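Report on the following structure.
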Amino acid sequence: MNPIDEYVSLESRRQFLGKSAKGLGLAALSSILGNGLMGKSSGSDSGFLSTTHFRPKAKRGIYLFMSGAPSQLDMYDYKPAMRAMFDKDLPESVRKGQRLTTMTSAQVRFPVAPSIYEFERVGQSGAWISELLPYTKKIADDIAIVKSVWTEAINHDPAITYIQTGNQNPGRPSLGAWLSYGLGSSNRNLPTFVVLNSTWTGRKEAQALYSRLWGAGPLPSEHQGVSLRSQGDPVLYLNNPHGVSRDLRRDMLDGVKAINEDLYEEFGDPETHARIAQYEMAFRMQASVPDLTDLSDEPEYIFDLYGPDARKPGTFAYNCLMARRLAEKGVRFSQIFHRGWDQHGVLPKDLPNQCKDIDQASYALITDLKQRGMLDDTLVIWGGEFGRTIYCQGTLTETNYGRDHHPKCFTKWMAGAGIKGGTVYGETDDFGYNIVKDPVHIHDLNATILNRFGIDHEQLSFKHQGLDMRLTGVEKARPVQDILA
C-alpha cells in the first residue's frame, strides 16, 4: 500500500478533522460541519446545547428499569373477560400470525392464562392496579400509566438495547449519555449520569446487564454512566493507595493533564479532553462520594417510608433512597436496574417477590420527592423493555402459569416534571395482545422524556460516520402530549 494511503486509512476521521481544524480555523470548520461534530469542548460543565429548545419541566430524572419485562397483565392491564377464556386457545384472529420466540413457537397450543390476582380501581382516573402493588395504588394520582407502549424487538438484549439507545444494535449512546451531552452537569463534583444495580428476590436466572447499556457510544466518553457499587468502594479505585496523599494525587494529575494537553495539541483528538475531564471528576469524587453514600444523616421516618430494605446496600429500596440523594445533589440523571422479571414459568411464585422488592420503594421515592418539593422538576419513569403474553408458556394449571415475551403492547408509568398524574393512556384489546387506541412506540417514549428536559428530540444529534445520530432514530416520533400538563 502507498505510505500516504496507509497513513490515511489508519487515522480516525475525528483525528483527521481535528488536525485539519488547525489549518482551516476551528470556528470556520465548526460552522461548515455543524454543531453535531465539533460541539462544545469536552470537559465543559455546560452541555452541547447552549440553551434548551423550550422551557424545561425537568431538572433531573430517575429511571426505574425493570429488566426482564414485568407482566403488565398481572400488574396494570386488567383483563377480567379472560377468566371465562381460561385454557382456551388464543384465537388466530387475535394473534394474527405475529412473531413468536423460539421458546413457544413449537407449542401445539397457546392456552389463555388469565391473571390470578385481584385488581382494584384507584385514584381519580379509576386506574386498575393489581393487589401485588398495594403501595403503588397510593400514588395513582401522581403517575400517568401508559398501557400502549410497543417495540419491534422480541428478545431481551436487542429490546433493552433498543429502549436504552434507540437502536437494537449495540454501540449507540444511551438516554442518560444523551442528557449528559445535551445539558451538561449541574454538580461538577459528581457524575452527570449515575447507574445503580439492584439485588432481587424473584427468579435468579436473570438476563445480563452490560455497561454499554449506559455507555456513550461515539459521544465523548465523559458522558457515559458511572456505576456505583453496593459493596466496598462505591467506585473502584476511589481511595488513594497507601502512602499517596491528596496533594500528591493532585500533583500527579496536573502532570498527566499537561501531557494530555500536549497530545491534544499534536493530534487534536477530542477524547484527550474527555480523558482529562474524567481524571478531574475522579479527583473531585474522592471527596463528594463518601458524603453521598453516608446515610447517617437520614431521619428514621425516611427509613420507615422506604421500608426495611432501605438499610441494605444494593437493594432496590436502598438505591431509590440513593437516587433521591443524587437528585438533591444535582445529578442530572440516575437509572436503577432491577433484574429478574423474566417469568416464563412459575409466575405466581416469582412475580409477588419481584413486586414486593419494588412496590414500597417506588411509592416512597415519589412520596419523598413530593414532600421535599422536588417532584415538580424531577421526572420519574418506571417499566421494562417489553411485555408478556396472555397465553401460557409451558403447562397451564389453575394456580400456575408462565408468560413469554410480548413486544406489541406493554405498560410504563411516569411521574413528576409536568406529567399529568392520575391519568391512564392507551388501550389494548380484551386479550391484552394488541393495541386498539393510542399506540406509543419506544421512540415516542424517549421523545417524551427529552421533551420534559426542554429538548426537541429532532434537534439533539451527533454527527458520526457521516450521519446525524439521534436517540429517536430517523423514524417519525412524537412526545405523548396527552400526558403532559
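Side notes on the structure shown:
- For region 56-97, a tally of residues being at pLDDT 95 or above and either part of a loop (DSSP other than H, G, I, E, B) or not assigned by TED's automatic domain parsing to the domain that holds residue 348 (or both) returns 19.
- Taken as a whole, region 116-126 holds no residue that is surrounded by fewer than 16 Cβ atoms within 10 Å (Cβ to Cβ), farther than 30 Å from residue 364 by Cβ and in the same structural domain as residue 411 (by TED's automatic domain parsing).
- Test: residue 159 is part of a loop (DSSP other than H, G, I, E, B), out of contact with any helix residue (DSSP H, G or I) (no Cβ under 7 Å at 6 or more places or on another chain), in the same structural domain as residue 424 (by TED's automatic domain parsing) and hydrophobic (A, V, I, L, M, F, W, C): no
- Failed item in (1) of a type in the set (A, V, I, L, M, F, W, C); (2) in a loop (DSSP other than H, G, I, E, B); (3) at pLDDT below 95, with residue 282 passing the rest: (2)
- Checking residue 352 against (1) at pLDDT 95 or above; (2) in contact with a Ser or Thr (Cβ under 9 Å, 6 or more places away or on another chain); (3) under 30 Å from residue 430 (Cβ atoms), the condition it does not meet: (2)
- Restricting attention to region 322-348, the residues that are touching a residue at least 40 places away in the same chain (Cβ under 8 Å) and either polar (S, T, N, Q) or assigned to a helix (DSSP H, G or I) (or both) add up to 11.
- Residues in region 433-457 that are of a type in the set (D, E, K, R), closer than 30 Å to residue 96 by Cα and assigned to a helix (DSSP H, G or I): 444 only.
- For region 99-141, the candidate set comprises residues that are hydroxyl-bearing (Ser, Thr, Tyr) and assigned to a loop (DSSP other than H, G, I, E, B); within that set, the residue that is modelled with the lowest pLDDT is 125.
Conditions (1) under 20 Å from residue 400 (Cβ atoms); (2) basic (Lys, Arg); (3) crowded, with 22+ Cβ neighbours inside 10 Å, marked per residue:
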{"residue": "73", "(1), (2), (3)": "yes, no, yes"}
{"residue": "76", "(1), (2), (3)": "no, no, yes"}
{"residue": "81", "(1), (2), (3)": "no, no, no"}
{"residue": "87", "(1), (2), (3)": "yes, no, no"}
{"residue": "94", "(1), (2), (3)": "no, no, no"}
{"residue": "134", "(1), (2), (3)": "no, no, no"}
{"residue": "140", "(1), (2), (3)": "no, no, yes"}
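The values are calculated or read from the model by the stated rules, or taken from the named source; none is laboratory data. What you see is a predicted model, and the numbers here were worked out from it, not measured in a lab. Don't worry about glycine lacking a Cβ; one is built from the backbone with ideal geometry, like all the others, and counts go over all protein chains shown.
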